[in-house]
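Just below is one structure, and these are the notes that go with it.
The values are calculated or read from the model by the stated rules, or taken from the named source; none is laboratory data. Note that the coordinates shown come from a computational prediction; the quantities given were computed from them, not determined experimentally. Cβ atoms come from the backbone with ideal geometry, glycine included; neighbour counts cover every protein chain shown.
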Amino acid sequence: MQQTLATAIARTKSSLDALLSLMTPLQSSPLVEDFRMIFERDPAARHWLEVLCCYPGFHALISYRFAHWLHRRNIPFFPRLISHLGRFFTGIEIHPGAVLGKGIVIDHGMGVTIGETAIVGDYALIYQEVTLGGTGKESGKRHPTIGDRVVIGAGAKILGNIRIGHSARIGAGSVVLRDVPNHCTAVGVPSRNCCRTPKSDRASEPETTLDSIRRLADRIENLERQLQTLTLSQSQNHANAS
């Protein structure tokens, strides 16, 4: 009896060890981080089953990661077929050759297009109708490189072999044709970069502003003197004329 119980316990332990060994790579899978980040980024995500069944952005990432796995092993046809089917069911087109980091969130997602040589860093947030495309004038690496924790607003177009820095933000509807530095915001058509002043440069701001105010005050004082002189000369002329 004791020997049978010990055997059963040993078998259970070995089964649990095997299960844990299978779950370890799953926990480090980018898809797990993609799934987790949806709850952090989207306030409307309330239940895991709802996200699993009703989020096309997550479905597109599932199909992409499988197609990319096949693409990296030089398997022909099937990666593009999976990408095509993913586009048909989700409205999101991600080329199997693109490189996407972990924790990616594609919110709403309809119309998102990510080209073959595009690179997207970790924890990026991409809204609907975003295009990471080429200009049609380049070969080889012809799509943008997106840094970590970048937010790309709805309808933004990022074109060409350019780099978007870490923690940058791309305004909705912007057309970005040049690099965006780290922690900057790009807005407009074509886009303009709006960057916060680094803390190391802020110490000189009060002095620079004070100098500008002083120069402005001096100029106003000079104008007042010129006005007084002109007024006195005109009054003297009137007195002489009379």
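For segment 117-126, state whether one or more residues are under 22 Å from residue 37 (Cβ atoms), of a type in the set (Val, Ile, Thr) and either surrounded by 21 or more Cβ atoms within 10 Å (Cβ to Cβ) or free of Cβ contacts under 8 Å to residues at least 12 places away in the same chain (or both).
Within segment 117-126, one or more residues are under 22 Å from residue 37 (Cβ atoms), of a type in the set (Val, Ile, Thr) and either surrounded by 21 or more Cβ atoms within 10 Å (Cβ to Cβ) or free of Cβ contacts under 8 Å to residues at least 12 places away in the same chain (or both).
With 171, 140 as the choices, which residue is assigned by TED's automatic domain parsing to the domain that holds residue 51, within 21 Å of residue 92 (Cα to Cα) and modelled with pLDDT under 95?
Of the residues listed, the single one that is assigned by TED's automatic domain parsing to the domain that holds residue 51, within 21 Å of residue 92 (Cα to Cα) and modelled with pLDDT under 95 is 171.
I'm checking my understanding of the structure. Among residues of segment 151-169 that are free of Cβ contacts under 8 Å to residues at least 24 places away in the same chain and in a strand (DSSP E or B), which one is farthest from residue 135 (Cα to Cα)?
It comes out as 169.
Out of all the residues in segment 86-108, which are part of a strand (DSSP E or B) and either surrounded by fewer than 22 Cβ atoms within 10 Å (Cβ to Cβ) or not β-branched (Val, Ile, Thr) (or both)? Talk me through it step by step, then tell me what you get.
Looking only at segment 86-108, we keep the residues that are part of a strand (DSSP E or B), and these are 93-94, 99-100, 105-106.
93, 99, 100, listed by residue number.
Are any residues in segment 54-85 within 20 Å of the chain's Cα centre (by Cα) and part of a helix (DSSP H, G or I), and if so, which ones?
56, 57, 58, 59, 60, 61, 62, 64, 65
Are any residues in segment 180-198 surrounded by fewer than 16 Cβ atoms within 10 Å (Cβ to Cβ) and not hydrophobic (A, V, I, L, M, F, W, C), and if so, which ones?
181, 182, 183, 188, 190, 192, 196, 197, 198
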